[in-house]
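Please treat every number below as a calculation from the coordinates, not as lab data. Just so it is clear, the structure is predicted and the values come from calculations on it, not from any experiment. Cβ: placed from backbone, ideal geometry, glycine included. Neighbour counts: every protein chain shown.
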Amino acid sequence: MTVKLCETEFKPYAEVDAYQHQALREKEGEFGATSIFVGTMRDLNLGDAVTQMTLEYYPGMTERRLGQIVDEAQSRWNLLDVFVIHRVGVIKPNDTIVLVAVWTQHRDEAFAACRHIIEELKHTAPFWKKETIKDGERWVESTI
Amino acid sequence: MTVKLCETEFKPYAEVDAYQHQALREKEGEFGATSIFVGTMRDLNLGDAVTQMTLEYYPGMTERRLGQIVDEAQSRWNLLDVFVIHRVGVIKPNDTIVLVAVWTQHRDEAFAACRHIIEELKHTAPFWKKETIKDGERWVESTI
Amino acid sequence: MTIRVRYFASLREKMGRIEDTLVAEDIATVSDVWRVVSTGQPLPEQLLCAVNMEYAKAMDPVKDGDEVAFFPPVTGGLE
Amino acid sequence: MTIRVRYFASLREKMGRIEDTLVAEDIATVSDVWRVVSTGQPLPEQLLCAVNMEYAKAMDPVKDGDEVAFFPPVTGGLE
């Protein structure tokens, strides 16, 4: 299980590939399903062109909350491994914002856990998004 | 939308990465969600150690059915792109069997479509699995 | 009329051949095709059929030049 | 007792500062902390609170040395 925050652009597929080769080497032949979610910054939100966003976080608490989310998923499903990367700071359109990868024996639990983690992350991890649009900057209000 | 069968080992994350760079170049900034499922061969099935399997298919019909599954998903959800690779022939434990990647604007439709495609594929695409175990070979019966 | 009949997986092994070419006049449905290639057996309920690479039912019609396939339930690569 | 109070995002901008260090004796709950730093305002219902980096409620107790944080609803990176 690994959770990390990242202040610069990262390549989600190279990261997953490298992680699997390292962290899951002992579990080769054991995992049958991997569910991955990648969230990417769009250049449009609420009808406005967005040129960049800044993701503020709470150093210490954000990592802790992400770890708790993964632990909760771990206790609910039989997960062989989980890997989460979340960008913080200044983010440009088409940059990856978040990667969640879950390895399990069977596909049901991989999909369920990956979905659960991304929803918990979205609704409970301390991140706040400020967008730069034509008219200046705006904090984005919470949406469900 | 691309569907392909593959007779030799493939690297799912390198494939997704390359596909996204090519096929989705015009849609950068437009997709916000990517849901990926990777199915990997396990070395254990039905309680027996499995040393390899052979995936038989119906050349022509299998590709056609996979294309229909993707088209159906496309008509049901707003999908920006879909990429599917399925191994056929002789497969070893820890080899990737199937990759499904779906790009959308929002995460709900990415998860739903990816899940739907993998279930339809599992239950309707003409593939038959023969496993090599200690005592010889066996055709695997359908399970839901 | 001429019909190409193909078999897959465990059925292929059971039939002992990968395909047949039927030349006959009294064939109207998928079920008829099976009766001929199996020398009189009824079509087993769990067997799947396709006509020209589309799933078909026992009573679906076949015509000259069609490709008919019979195979066991599909199992995918995933368990 | 001494309590470190931190603000994030739009609340940080509204407060005009990133944190306060409270030294006071009459503080028992998160709500009390807010009353002091906001000079008497009640805790807005939509504001979130944490004590020592765990989500907390208005009436949760605070003690000497705690870190208390206030922030608007989280928005994640995804829309």
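Restricting attention to the range C:53-71, and to residues there that are more than 16 Å from C:Asp26 (Cα to Cα) and surrounded by fewer than 21 Cβ atoms within 10 Å (Cβ to Cβ), which single residue is farthest from the other protein chains (Cβ to nearest Cβ)? Break it down stepwise before answering.
Kept after step one, since they are more than 16 Å from C:Asp26 (Cα to Cα), are these residues of the range C:53-71: C:53-57, C:67, C:69-71.
From what's left, surrounded by fewer than 21 Cβ atoms within 10 Å (Cβ to Cβ): C:53-57, C:67.
Working: C:Met53: 4, C:Glu54: 8, C:Tyr55: 8, C:Ala56: 11, C:Lys57: 15, C:Glu67: 9 Å.
By that ranking, first place goes to C:Lys57.
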B:Thr124 fails exactly one of the following numbered conditions: (1) under 17 Å from B:Arg42 (Cβ atoms); (2) surrounded by fewer than 23 Cβ atoms within 10 Å (Cβ to Cβ). What is the number of that condition?
(1)
Polar (S, T, N, Q), without any contact (Cβ under 8 Å) to a residue 60 or more places away in the chain and surrounded by fewer than 21 Cβ atoms within 10 Å (Cβ to Cβ): is that true of B:Gln22 in this structure?
yes
Go through the range C:20-52 and count every residue that is within 14 Å of chain B (Cβ to nearest Cβ) and under 30 Å from B:Cys6 (Cα atoms).
7
Which count do you get for residues in the range B:92-129 that are within 7 Å of another protein chain (Cβ to nearest Cβ), under 23 Å from B:Glu9 (Cα atoms) and hydrophobic (A, V, I, L, M, F, W, C)?
7
Quick one: in the range D:37-62, of everything that is of a type in the set (Gly, Ala, Ser) and at negative phi, which residue is nearest to the chain's Cα centre (by Cα)?
D:Ala50
Inside the range A:108-121, the number of residues satisfying the requirement of being surrounded by fewer than 18 Cβ atoms within 10 Å (Cβ to Cβ) and of a type in the set (Lys, Arg) is 0
Could you list all residues from the range D:1-17 that are closer than 19 Å to D:Gly65 by Cβ, among the hydrophobic types (A, V, I, L, M, F, W, C) and either within 14 Å of chain A (Cβ to nearest Cβ) or not in a strand (DSSP E or B) (or both)?
D:Met1, D:Val5
So in the range B:48-91, with the set limited to residues that are in contact (Cβ under 8 Å) with a residue 12 or more places away in the chain and among the small types (Gly, Ala, Ser), which one is surrounded by the most Cβ atoms within 10 Å (Cβ to Cβ)?
B:Ala73
Whether any residue in the range A:107-123 is touching a strand residue (DSSP E or B) at 6+ places or on another chain (Cβ under 9 Å) and farther than 29 Å from B:Gln20 by Cα is what I want to check.
no
From the list A:Thr2, A:Thr96, which residue is buried (at least 21 other Cβ atoms within 10 Å of the Cβ) and of a type in the set (S, T, N, Q)?
A:Thr96
In the range D:1-36, what residues are free of Cβ contacts under 8 Å to residues at least 60 places away in the same chain and under 22 Å from A:Glu56 (Cα atoms)?
D:Arg12, D:Glu13, D:Lys14, D:Met15, D:Gly16, D:Arg17, D:Ile18, D:Glu19, D:Asp20, D:Thr21, D:Trp34
Sort out which residues of the range B:4-59 are of a type in the set (A, V, I, L, M) and under 21 Å from A:Asp17 (Cα atoms), and write them in order of number.
B:Ala14, B:Val16, B:Ala18, B:Ala23, B:Leu24, B:Ala33, B:Ile36, B:Val38, B:Met41
Residues that are part of a loop (DSSP other than H, G, I, E, B) and either surrounded by 16 or more Cβ atoms within 10 Å (Cβ to Cβ) or touching a Leu at 6+ places or on another chain (Cβ under 7 Å) (or both), drawn from the range C:31-46
C:Leu43
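Kindly indicate whether A:Val102 is more than 27 Å from B:His21 (Cβ to Cβ) and crowded, with 18+ Cβ neighbours inside 10 Å. Outline the logic, then answer.
Details: more than 27 Å from B:His21 (Cβ to Cβ): no; crowded, with 18+ Cβ neighbours inside 10 Å: yes.
In short, no.
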Among the residues of the range A:17-62 satisfying the criterion of being more than 17 Å from B:Gly29 (Cα to Cα), of a type in the set (Gly, Ala, Ser) and within 8 Å of another protein chain (Cβ to nearest Cβ), which is nearest to the chain's Cα centre (by Cα)?
A:Ser35
